[in-house]
Structures are given as structure tokens and as C-alpha cells.
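Colleague: Starting off with a structure, shown below.
The values are calculated or read from the model by the stated rules, or taken from the named source; none is laboratory data. Quick caveat, the model's predicted, so the values are computed rather than measured. Reconstructed Cβ throughout: ideal geometry from the backbone, glycine too, with neighbour counts over all protein chains shown. For the accessible areas, the whole protein counts, side chains as well, though only heavy atoms, and no ligand, DNA or RNA atoms are used. Shrake-Rupley method; radii C 1.70, N 1.55, O 1.52, S 1.80 Å.
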Amino acid sequence: MRRLLKTVLVLLGLTVLGGGLAAGAVLYAFWHFGRDLPDFQQLAVYEPPVMTRIHAGDGRLLAEYATEKRVFVPIRAMPRQVINAVLSAEDKNFYTHQGVDFLSLVRAVLTNVKNYGSGRRPVGASTLTQQVAKNFLLTNEVSIERKAKEAILAFRIERAFTKERILELYLNEVYLGAGSYGVAAAALNYFNKSLDELTIAEAAYLAALLKAPANYHPVHKKAAALERRNWVIGRLAEDGHITPEQAALALQEPLEVHNRADAEFVNADYFAEEVRRDLAQRYGETQLYTGGLNVHATLEPRLQVIAKRVLRNGLVSYDRRHGWRGPITHLTADAVATTTVAPTVIDAVINAVTGAAAEPTVAPSGAPSLTQQLERLAPPAGMETWRLAVVTGLEKEQAQVTVQGVGPGLIPLREMKWARQWAKEEKLGPAVQAPAEVLKVGDVVAVETVAEYTTGSGKEAKTSAYPQNTYALRQIPAIQGGIVALDPHTGRVLAMSGGFSFQQSQFNRVTQAKRQPGSAFKPFVYLAALDSGFTPSTLILDAPFVIDQGPGLPKWRPANYTNEFYGPSTMRLGIEKSRNLMTVRLAENVGMERISEYAERFGIIKGLPEQLSMALGAGETTLLDLTSAYAMLVNGGKEIKPTFIDRIQDRNGHTVYRHDQRPCAGCAAVAWTDDLMVPEIPDLRQQLTDPASAYQMVSMLEGVVQRGTGASIRVVGKPLAGKTGTTNDSQDAWFIGFSPDLAVGVFIGFDEPRSLGDKEQGASVAAPVFRDFMKDALENQPPVPFRIPPGIHLVRINAATGLPAVAGDKDVILEAFKPGTVPTAQSRVLGGGQDGEAGNGDGESPATGTGGLY
């Protein structure tokens, strides 16, 4: 008995000693591997990289920017079915363990011992918490040390965070193949569904991917994928998350992948890039590409489509007027493989003598044919709906072509009549009489499908159909331009196109190109005069004007576009007909200091030199700035700031930026009743000019469209106003104008400034683009007259004299006057011999420079 008791005590002592040693070993391991571990507390504020999405005004996508395309879903919004599938597949004891599942660990050890030497991959027992520790804080190194650190971190994470936070981190970070970061992105990429739309089988497949996405590809490794998915379904049933009947149905469901439908993006590359630059400037590149910003842009897609179309058409139209610059490239005709070649003259003589039949020769075999060479060519940027084609034959009335990706076709002579030879200074060669005058066999050109053509005009017009596979000759324009449309009351940019093609050139001619506006600047000279007491009926002398520029400098003699003089004319006529001499006299009287201040006040040009030539638009500005300034005329003289962004939200939906800063305490009401009045929102816009002066300027610009240089726009049939602009040697063409609620600007010119050609000006190049835009933009909208501010008197006057009309006057218009300014008798003519001009000059040659702006 005593021996037995001694034995028991010895064994008990050994057990205690062994346990102490084991405990000591565990504590040592915790101390050893727990040193220098990453700070797991960073997970408390960790936010996974999420894409920034930009939406157009109608909610459609405009652009996405991301380093990892991830859709973040908070755990509270995660469907329970998806969570259950993940837990059954990866960690069924997730809610009960403290970071490490010892039961699963023992099971994994026994299984690996059993399978040792069999070549099977060792099974793991990592919990979701351990995977979070590995994915966020450690590397993928396979070692005992890394597993020990992973376990220690898992214990610490479990004590610091809730189970829901751990799940949220895991489900939004894990990679599931096919570029899918997080389960929400995977649901979209594999099944084109949101998480709450997934079936049991689909959720099980996503859970199956967690083990190794590459091993369970739904197409390339479908058998393994089905086996793994079905195993997850079985685990769901075993864990009680689904019924046996649901499991049976899920097992029968085929594994079918539905690729993510291409999101309907609004095509507005120049606009999207402007927003991207704005965001990068505000928040930096890192936040832009990983911050998950939700940006509501001001873009109106319907107007954007119109803007892009009319600008491209306008550039093409100008380009066609100035001739054909040649093919895109030329393919060697003798490189045609097994292509017949017509007999030569010598062959014909020999055949005639010998009596042999004339047989075509064959080009050297092995050389690529024209068609094969064509298919290897990459289309140049800017083609869009056009295609590449190679000329394979020329006839009297048509050219035979092979169109890339399509096959044989033809270009009728009628569709290349425009292609007269281009010459320097935008001159044209002789009229085209035959295809061979334009094209050669082997020429690679741009073509566009055409279905019909029209002959005759008016009532005699007749439309006929072309044969199938008929094409028109096209040419990528050398000219460039821009168009912008904005809301004049808020500054919201509604549409913008900064060039012929963003792929061809990302330089934005709306926001980045600084060019001379020419006569498009004149309204602000006249506005300064109106604010100084002048009226639209004030008479200004249109006669020669000479300024001595100082010792050693030639005299400056500005001139009208027509090089004629018209005598005393009203201010209205001066702006309608864009008279340079009247504008210079007016600027001299008002003072260039005041005009320079107006240019800066309206955001056109900062620090405009106080020189009279600047009154004719010799300073440089951007199309966006000038269009915004015009918008401030039609809105009654209120300051606006152009913007491409309405609102920005962070990844959690909180608004971090709003363009409209007006306070509205009552706007949070769900509904308004008789007891709860609709709140009044204050107008915080600064008043830049007298509203009456602004309206007088609008009225005068309306006259430009009705009777002046913008008369071609009158066909739109809606109240419109605006001003043409052309610079020296016709290097820049502008038209800036507006309806009561829409301001639009158009600029056209070469990127490296040169003349647009003889007789080309704002009225012929830019105004048609404005006209076509307004025609489509205002279609089906009722005519809205320009709003008249209080205090304005509309008086019938004689347009020539500026005096109130009397019986018998024929040229009578309604003129806008401020109180007390209606003329009652002929007033003094501004410049009538009292303004310091040098009479007829002294024989010196006039200075070159801005005298030709109109």
C-alpha cells in the first residue's frame, strides 16, 4: 500500500512538473514570437482601397478610378446567406472560438499525420481571425514562426474587436479571383448580381473560392469547382443553415457564370478627365484611387451627346472645305500575294506576234496582300465610327476598296468630290473630276458607311439609295476646337468637348487653351460704357482712328473687317456689326483702366494690359472663362463660378463637398403643407453689374443674332443672343452666346496658330456649331424670352438714328433704356472731332497687330 502511494505521488509530481514545463514552454513561445509583432490596432481604422465612381447628372456612370476594383459592403448590409456559406466553408466555430480553433487544429494535425507521405497537400485549420491577421499584418510565408505569430495576433484581435468587425474586414478584403476583391465584387464579376440576389448555390460557390480561387475556376476547372461548391452546400445543410430540401435543389443547380454586364458609361472623356484633375487637386492621387469617393457630376448626358456630335461635324465641315491632305499611309501594290497583274505593253506585242492568248501575270508568292497588310494596321486615334480601307482599284466613277474587318466596298466619285488638293494658306486645288485625281491603289484612307444621297435642292430634292457596302471618303481634321454649355444661374457645366477626339489629343481646348477672343470680348467694353451712362442709342463715329505709339514706333491704325467707314452709328449697331473703330473710340472714352477691371471682375482675364488694342480682344483667355462671363450677362449680372461637380460623398455616404452653398434650414422637411411653407433659399451671388446694364447688353447681343454677324443662327427660331469673334489673320474663331437658361461657347482654331483661310471667321466656322447645338438642345422646348429687370423701358426707336420712332420710319426696333435716358433729340456724336484722332494720318504705314480683329 505504501509502495502504491509512493508511486502515485511520483507520477503526480512528474505530471505537475511536465505541466509546468509545458506551460513554461507555451509562455516562452508567446514571449518569443510575440515580440515585434505588427500593431493590430490599425485594423480599428483600416479602410480597404475602394474605387472612386463619378456619376453623370442622370445617375449613369461617367468614370471609375481604382487600384483595386472593390465594392465595400458594411457587415450590417451583408446577407446572412453569404455569411453562413463562408463560415460553413472556412470557420464553422467562428462565433465560439477565441481566435484559434483548437479542436479543428487537433483534427488537422491528425489528418496530416495520417496523410504523411501520400503526396496530399496538408490541410489547414486557420480561423477567419487568423486569416485576417495573415492578410492584413503578416506575409504568406509558410513557416512555424509565421503560424505562431498568426495565432498570437488572432488572440489579440479577438480581444480588441467584435466578431462583426472581423467578419467585415475579411469579407471585403479577401481576393476571389477574376479581379474580385471582396465578396460583393465577386458576386458582380461571376454572376452579375448583387449579394442579396445570390442563390444558395451561388453563395456556396463564392465560399468555395476562398480556399484557392485559381483551383476552382468556373470554366477551366469546372469539375473541381462543382465538387468544392457541392461540399460547401453539404456543410451548410450539416450546420443547419439550410434544409435538406434546399440543399438538394442547390446541388442540382448548374454552375453558370454570367459575366458582369458592361455598365452603361456616359461617353464624355474630356469632362471626366476635368473631374479627375479636380479631385486629384482636392484630395490627392491616393485618395482619388483608393478613397471610395462618390462624385455627382454636373454633366447632362443628352446635351453632351449633342455637344460632341456638333463639334465633330463642325470640325469635319471646315476641314472638307479646305481640301484633301492625302492618305493615312500607302501600302506597296507589288506586295500582293497571288494577285493578278495586267499584261505589260511588251507582253501584248509578244502575244500578238506569237498568237498566244494574253494571260495575266502573278505577283511574287509569299508577300502579304493589300488586305493582309491592311488587317495588321492599327486605326489612328480619332476614327471612332469610321474604318480603315485600302484602295484596290480605280474606275471612272468610283474607287474599289477593301474595308478593314468588313471586306470589299466602293467609294462613289460623288463622295470624294470634296477632296480637292490642299495647299498652303488653306488654298484649294482644281475640282475633282475622277477618283484617280484623289487616290492611288494602295492608299489607306478613312471611310464611313453611307446609305443614300440627295440630288437637287428644295422642292426638287430627291433622295436615292446607294448599293450595299458603299462608303464615303473621310479625313481626320487638322483643325481643333472646343464647346462648352453651362447653366448661367449656377455655373454648372452641363456639357463639354475639348477636341475632335480624346484618344487623339487629351489637351482640352475648353479649359487649357488660352487664345485671343477677338471681337467676342467687345461686349464687356460696351457693358463698361453702359454702366458709365451710355445707352444703346448713343452715337459713335465710325471713321479712321490713329494713335501715335511713341518715338520710333509706327502709328496704330485699327480697321473694320470690311476696311470701310460708316460714319455716326449707334452703339447697338457697333456691336451687331462688330465695328472695330467704334469699339476703340468707346474704349478710349470709357478708359482702359475701367475695361481692364471689368475683364478681371467677370473672370475673363486677370491683369489685362491697359492698351486700346486689348479692347479688340488681344488678351488671352480660355473658352470656359469667356463663356462663364457671358453667362453672367444673361443671369442679370450675378457672379457664378463654373463647376463640374455638384457634390462629393465619402465612402460612408457623408457629403464632404457641395457646390451649392446656400443655406436652407427647412429643406429637411419630408413634405410641405399649408402650415409649413416651402422655404425660401437666399441668393448669395455677388452683383457684378447693374441688372439694367446687363439686360441692355443682352438685348444688343440678341440683335447680333437677329441682324448682325450671327444672323445664320436665327433659323433656330428661339430667343438667342451672342457674339462672333475672330482674331488677326483669322487664326481663332469664336461664338459665345446664350438662351435665357443656357450659355454656350464654341472655339475653333489650330493648336499651333495659323490662318484658318481667306473669308473664314467666327460667323462661318464657330457660329454654325453653336447654331446646331442650340437647335437640338432646345428642340421641343417653348420659346422663352429674355427676362427684363425692373426699371427697364422698352421704346420704339429708329435703328439708324437712335431717336424715338416717328410716323414713316421704316427701320424701327424696340430699344431698352434705363429711367431718364430715353433720347429726346440728336445727341453729340462720340468721336466727332473731339477724341484726339490724328485725322487722315501723315503718310506713315499703319502698324501691324490687332487692327484686324473683328
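Colleague: Given R₀ = 41 Å, what would the calculated FRET efficiency be for Lys440 paired with Arg277, taking r from the Cβ atoms and rounding to 0.05?
Modeller: The formula returns an efficiency of 0.40 here.
Colleague: Run the numbers for Lys641 and Ser464: contour at 0.36 nm per residue of separation, minus the present Cα-Cα distance, in nm.
Modeller: Gain on stretching Lys641 to Ser464: 58.7 nm.
Colleague: So for the pair Asp239, Gln504, with labels modelled 7 Å out along Cα→Cβ, what separation do we get in nm?
Modeller: In this crude spin-label approximation the distance works out to 5.8 nm.
Colleague: Separation of segment 228-266 and segment 697-727 by C-alpha centroid, Å?
Modeller: 65 Å
Colleague: Pairs of Cα atoms under 8 Å, at least six residues apart: use those to get the relative contact order of segment 561-710, whole percent.
Modeller: Relative contact order of segment 561-710: 26 percent.
Colleague: Just to verify a number: FRET efficiency for Asn267 and Gln512, C-beta to C-beta distance, R0 = 25 Å, to 0.05?
Modeller: Efficiency computed from Cβ-Cβ geometry: 0.80.
Colleague: Could you give the distance between the Cα centres of segment 390-436 and segment 538-596, to the whole Å?
Modeller: Centre-to-centre (Cα) distance: 48 Å.
Colleague: Tell me, what is the FRET efficiency for Ala367 and Glu164 to the nearest 0.05, using R0 = 60 angstrom and their Cβ-Cβ distance as r?
Modeller: Efficiency for this residue pair is about 0.30.
Colleague: Setting aside same-chain residues fewer than 8 positions from Lys440, which lysines have a Cα under 19 Å from its Cα?
Modeller: Here the lysines satisfying the reach criterion relative to Lys440 are Lys396, Lys417.
Colleague: Based on the alpha-carbon gyration tensor of segment 145-304 and its eigenvalue square roots a ≥ b ≥ c, which shape applies: rounded if a/c is under 1.5, prolate if not and a/b is larger than b/c, or oblate?
Modeller: Taking the square roots of the gyration eigenvalues as a ≥ b ≥ c, segment 145-304 is oblate.
Colleague: Sticking with this one: For segment 773-837, what % of the accessible area comes from carbon and sulfur atoms, probe 1.4 Å?
Modeller: Carbon plus sulfur share of accessible area: 56 percent.
Colleague: Just need the relative contact order of segment 551-616 here, percent rounded to a whole number, with Cα pairs under 8 Å and 6+ apart.
Modeller: Once divided by the residue count of segment 551-616, the mean separation gives 27 percent.
Colleague: Now for a separate question. Compute the distance in nm between two label points, each set 7 Å from the Cα along the Cα-to-Cβ direction, one at His330 and one at Cys667.
Modeller: The two pseudo-label positions are separated by 6.4 nm.
Colleague: Give the shape of segment 369-418 as rounded, prolate or oblate, defined through the alpha-carbon gyration tensor: a ≥ b ≥ c are the square roots of its eigenvalues, a/c under 1.5 means rounded, and otherwise the shape is prolate if a/b is larger than b/c and oblate if not.
Modeller: It is oblate, given that a/c is not under 1.5 and a/b is not larger than b/c.
Colleague: Next up: Leaving out ligands, DNA and RNA, what percent of the accessible area of segment 372-503 is carbon and sulfur, probe 1.4 Å?
Modeller: Carbon-and-sulfur percentage of accessible area, whole number: 50.
Colleague: How much area per residue is accessible in segment 568-616 when the probe is 1.4 Å and only protein heavy atoms are counted (Å²)?
Modeller: 33 Å²
Colleague: Loop-only check: which trypsin sites (Lys or Arg not before Pro) in segment 398-448 are DSSP coil with at most 15 other Cβ within 10 angstrom?
Modeller: For trypsin sites (Lys or Arg not before Pro) across segment 398-448 that sit outside H, G, I, E and B with at most 15 neighbouring Cβ atoms in 10 Å, the list reads Lys417, Lys440.
Colleague: My understanding is that a pair violates if its Cα-Cα distance is over 23 Å; which of Lys577/Lys718; Lys514/Lys577; Lys522/Lys818 do that in this structure?
Modeller: Cα-Cα > 23 Å for Lys514/Lys577; rest within.
Colleague: In Å², what does the accessible area per residue of segment 433-503 work out to with a 1.4 Å probe?
Modeller: 41 Å²
Colleague: Go ahead and collect, in residue order, the members of segment 545-562 whose backbone nitrogen is under 14 Å from a label point 7 Å along the Cα-Cβ direction of Glu610.
Modeller: none
Colleague: Leaving out ligands, DNA and RNA, what percent of the accessible area of segment 638-754 is carbon and sulfur, probe 1.4 Å?
Modeller: Reported share for carbon and sulfur atoms: 50 percent.
Colleague: Gain in length, Asp758 to Val656, computed as 0.36 nm per residue apart minus the alpha-carbon separation, to one decimal in nm?
Modeller: 31.5 nm
Colleague: Which of the three applies to segment 739-827, rounded, prolate or oblate, going by the alpha-carbon gyration tensor with a ≥ b ≥ c and a/c under 1.5 meaning rounded?
Modeller: prolate
Colleague: Could you tell me what fraction of 2.2 N^0.38 Å the Cα radius of gyration of segment 447-535 comes to, as a two-decimal ratio?
Modeller: Here the answer is 1.80, to two decimals.
Colleague: Let me ask something else about it. Taking 0.36 nm per residue of sequence separation and subtracting the Cα-Cα distance, how much length would be gained by fully extending the chain between Glu597 and Val812, in nm to one decimal?
Modeller: Using 0.36 nm per residue and subtracting the Cα-Cα distance, I get 73.9 nm.
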